[in-house]
Structures are given as C-alpha cells and as structure tokens.
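Notes to accompany the following structure.
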Amino acid sequence: MLVNRKQDWEIYQQPEVPSVKKKYLVKPDIALRVKCLTTVTMIVLAAMFLTACSEAIIRSGYELVQMKLQVIKLEKENELLQLDIAKLKSPQRIQNIATVELGMIMPQNVYFVESIPTNLNLTPEKEKNIVSMVLNRRGQ
C-alpha cells in the first residue's frame, strides 16, 4: 500500500522563466535620485531648524518663569526689610533704648530758636513784636 502511493506521485517541475535580456533593463535616473535626496535633505534640515527654534523658545519661557519667581521672592524679602527698618526707626523704640540702656532722661524744658534774617530793616517796634511772639511761644 505504501509502495503504491509513492508511485502515484507526480513530480512537479517549475516552468522555465524566460531570461531578461540586458537591453530591456532601464538604467536608473541619477538626476531624479539626486533631486529626491536633495529634497529629503532640505526637509530634514528644515525640521531640525524648527525643532531648534522651538527648543530655544521653550527654554526662554522656563527662564522667564524662573526670573518671575525670583522677582516675587526678592519683593517679599524687600517688604520684610522695609518692615524691619520701620520697626527700628520707631520713636518709642529709640526712646526706650535711650532711657533704659543709655540712661538718658527726657528734658523738662524745651527751647526753640528762630533766626531772623539780617537783611530786614527792623524798627524797634517790629523787634519788640518779634520778641513778644517768641516769649508767647515759650510760655505755651
């Protein structure tokens, strides 16, 4: 039985392909290939340029955000320093340091001096009026 099957098989042979003659082959168009390569190269360079420009814009945006954060931080620090200056300049604080730490005392009498311009032509009556004004202020 096995022997019979082997005999029934037909041998398959591949049909012969006619050979292509060299005169029918088309030569490659070198000029077309150069144009295609040039076009692809230009497209790649343009894409690289656009990517570099986008990266520069994004980087400058990040730097701008960092600078804004730094400005906000410095403004807060400046406000705190201005507050410290105001506290240090307060008259109550200065008076407290003068009296407690330095042993100074508040004066009982305070005198004011006003200068009179020398180019005024003062009559004795005007001088008396000015002197009386100064004395009145002193009495207040």
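The values are calculated or read from the model by the stated rules, or taken from the named source; none is laboratory data. Source: prediction; values computed, not measured. A quick note on method: Cβ atoms are made from the backbone with ideal geometry, for glycine too, and the neighbour counts reach across all protein chains shown.
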Flag for Pro91 being under 30 Å from Asn136 (Cα atoms), modelled with pLDDT of 90 or more and not acidic (Asp, Glu): yes
Do we have any residue at all in segment 34-44 that's at pLDDT 95 or above and under 32 Å from the mean Cα position of the chain (by Cα)? no
Take segment 89-116 and flag every residue that is surrounded by 10 or more Cβ atoms within 10 Å (Cβ to Cβ) and more than 30 Å from Glu127 (Cβ to Cβ). Ser90, Arg93, Ile94, Gln95, Asn96, Ile97, Ala98, Thr99, Met104
Cβ-Cβ below 8 Å, separation at least six or inter-chain, first residue in segment 120-140 and assigned to a loop (DSSP other than H, G, I, E, B), second modelled with pLDDT of 70 or more and among the hydrophobic types (A, V, I, L, M, F, W, C): which pairs? Leu122/Ile130
